[in-house]
Every structure is written in C-alpha cells, then in structure tokens.
Ligand code: NAD
Ligand code: MG
C-alpha cells in the first residue's frame, strides 16, 4: 500500500534567484504550513542564494558553478546553517528527483533547464513548468517522460496557465492526449502584449538598446525572456509550447495582441463560447494556481479592478514587424529538431544582442540563416536534440561573428 506523505509538501525551486524563482518563494512564504523548501538552485548568484537559504533553510542548495558553490558553502557554515551545497548539472538533476520533493518549479532559463526538468519527470514529480525552452527543444521526450512516470505537468507560463484554466475541468496535460476538437475546442487564442516596440517606428528598431528591449510595459522578467518579448520570439516559443501541452497544431493557435495583459489567453469553443482567464499581470497567480491545483490559495496578487482597467484592446500581430514569430511558426510546423534549432539560434542571438555585439534587427536574420543551413532530424532521442542544439549554436555563433565584422548580414 502506498504511504501518503503528511506534513508540508516538499518543493525544489530550480532557478530560485530569477524572476520566477523569487515569485515562487514569495508564494511559498505565505503558506508555511502547506509547503517547505527542500532545495534551491541558481547559476552563479551567491549573494541572493545565501539570503534565500537564510530565509527558507533548505536541505540542499545547488549552484551550476563550482567556485560559486564553494563560496556559498563557506558563508552558510559561517552563518551556522546546515544546508548542503552542491554544484553541477548532475546535482541539479539530483535535487529535482529527491524523494522528499513532491513539486519542482522548473524556472531555469533556456536550454540549461532541460536536463533537470527531465529528471523531475522521470522521478514522477509535479512539474511547475516555467522553462518553456525545455518543452520547445524536446517536447516529445518531455511529454513521454511525464506520461510514462505518472508525473504531473502544470503550466506556469501565464498564457498556458490561462488556457489550462479555460479548458474543461479535469483536463490534464499529462494524460495520453485527446484531440482538442473532441472537447469542442475550435481555436486557442494566445494573447501577447506586443512588448515595448509594438508601435515604434520600424526604422528605429535597428538602433534600440538592450535596456530599451528589457523595459517591458507590463511584466518584470529576466533579461532573456524580456528580449524575446520585444522580438515576439517569446510568443513564437509559446505557440510551440502550447502545441505540446495541449496536443494541438500551430494552425489551431491564433496569436492576439492585447496590450493591457489582463486577458492571459482564451479558448474558443465550437458553440461560440470563448472562455478567458483574467487577472493583474503578476506571475504569482499562475504559480499559486499550479502549486495548489485543484484547490485555490492566496497568492499575494491584488484583485483585478475592472474600473481601473476600463478598456481591453485586441489586434492582429504584424508579422513583418515581428519576423521571429513567423520563424517560430515555421519551426513548429517543421517539427522534429526544428524547434530545438530555432531555440538554440535564438539563445545565441539574444545573448549577443545583450552583449551589444549585434543589433536588435540582426536577431531574426541570424535565426533564419541558422535554420536555412540546418538539417532537421526526427529529434526523438535526447542525443539527437542535444546534437541539433550544439550544431545550431555553432552556426549561429559564426553568423554573429560575421555580422559583427561586416556590420550587416545582407
Ligand atoms: P531569470 O533570468 O530571472 O532567472 C533564471 C534563473 O535560472 C536564475 O535563477 C539563474 O541563476 C538560473 N540559471 C541561469 N542559467 C543557468 C544555468 N546555466 N544553470 C543553472 N541555472 C541557471 O529568468 P526568469 O524570467 O525567471 O525566467 C525563467 C524561465 O521562466 C524562462 O524559461 C522564462 O521563459 C520562463 N518564464 C518567465 C516568466 C517571467 O515572468 N519572468 C514568465 C513566463 C515564463
Ligand atoms: Mg508567457
């Protein structure tokens, strides 16, 4: 007979020092009787992780970087804390799979989150999925791992969490998929704010700075996803993410620009009904929803005041302003390793833009060159996905160098 654990639910927070990680800990701190932190992880940020260890006293803290882990261990010992400090990817996987952990917040940014997220799936955990890149790269592998190991998959991305909430009760991303049409769904309406450059004169896009790109009008987020929101690659990655989570195809997903970010996405049914989830733009809502599901709990987010919002606008996306969105549809339709190639090229291009090596408008050019130059494989093994990721990174890096040298890609 299975032993049902009692007491607070153990949680591992992967990417604890990031924007989603901090919001997750804010929600957990409101419910000490319900959750306890088993492990916290970060890349290199010793100071922030040290403060988080002081506040939450986890059993484990993991830094990707070994030198940073050594520093953290010394500081924790000096402060009299018993947290065990580890480093490296194997340790990230280990803390995602610990027996005392029942929920894993997957909030590492980019491809670096793939292996730890997979480890949580293989260990049958409830995965709170923020790390959309993991699903974009290896959707089939991650979904199979979830299904074969009785794991749960709850979307944290606000749009996908909204879609999940707007689907019929009892819908599970982890069950063997049914066609959405069989549930009466006609289309998914994926909302997008349009980012900081939605209305900027197109000629000026060439000279925007990383600081401007990271100043999102509605959400406060990490740098990578902020740039992705400015190019709308974020929405493109979300189209692919939605295909995996909700067993559908890109053509069934309509992106809708909604500058206020109050409607977080919608599901359109064949009887004419459109169900939406709304709320203030604050990630603590989807985080609290996914952690407590199927119950509800307080998240710290203020109630939506519709009189203050007053107006909700919707418009079609402009694919010429946002070529990254079209590139993502193309990669999603191609399938196989197509999305992994798109994602890898994007990660390289975005980092190069943040490092001021290329212009904002070079980002889509570098991704499309890399896609044209790559051969798409079926991508059914982790080895194939990682090989496609590595090859695309190499090609994109070469395009960055030639762009930086010539000042132009054309
Ligand atoms: P962030 O940059 O603020 O934080 C990233 C976290 O990952 C940090 O804790 C960092 O230390 C860790 N990390 C980075 N590189 C790592 C590596 N190589 N190895 C181990 N850890 C590493 O990012 P964020 O905004 O919190 O986003 C996290 C994920 O959630 C992304 O995939 C993003 O697309 C997704 N997401 C974020 C938001 C948001 O509002 N911020 C919304 C939806 C989805
Ligand atoms: Mg989102």
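We did not get these values from a lab; they are worked out from the coordinates using the rules stated. Model, not experiment: these values are computed from the prediction. Methodologically, a virtual Cβ is constructed for each residue, glycine included, from the backbone with ideal geometry; neighbour enumeration extends over all protein chains shown.
Table for the structure above
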item	result
Residue 74 paired with residue 406, simple spin-label distance in nm, labels 7 Å along Cα-to-beta-carbon	4.9 nm
Percent of C-alpha pairs per 10 Å bin, region 9-155, short to long	13, 46, 33, 8, 0
Three-way shape call for the chain based on the alpha-carbon gyration tensor, with the a/c threshold at 1.5	rounded
Calculated FRET value between residue 302 and residue 381, using beta carbons and R₀ = 60 Å, to 0.05	0.85
Spin-label model distance (nm) - residue 81 vs residue 312, 7 Å beyond Cα toward Cβ	4.2 nm
Listed residues 34, 48, 204, most fluctuating in the chain (Gaussian network, C-alpha, under 10 Å)	204
Relative compactness, region 184-296, computed as alpha-carbon Rg over 2.2 N^0.38 Å	1.17
Added length on full extension, which subtracts the Cα-Cα distance from 0.36 nm per residue, residue 204 to residue 30	58.2 nm
Fewest-first ranking of 54, 393, 316, using other Cβ atoms within 10 Å as the exposure measure	316, 54, 393
Rounded to 5, the percent of DSSP beta bridges in the chain classed as antiparallel	25 percent
Length gained when the stretch residue 66-residue 122 is fully extended (0.36 nm per residue, less Cα-Cα span)	17.6 nm
Pairs of Cα atoms farther than 15 Å apart, region 335-410, %	47 percent
Descending semi-axes in whole angstrom, ellipsoid equivalent of region 264-353, from the Cα gyration tensor	31, 20, 17
Dmax and Rg, reported as Rg then Dmax, of region 149-205 (C-alpha, Å)	16.5, 51
Chain lengthening between residue 355 and residue 181 when straightened (0.36 nm per residue, less Cα-Cα)	58.2 nm
Fewest-first ranking of 137, 395, using other Cβ atoms within 10 Å as the exposure measure	395, 137
Sorted peptide list for 120-132, 219-231, criterion being average Cβ within 10 angstrom, highest first	120-132, 219-231
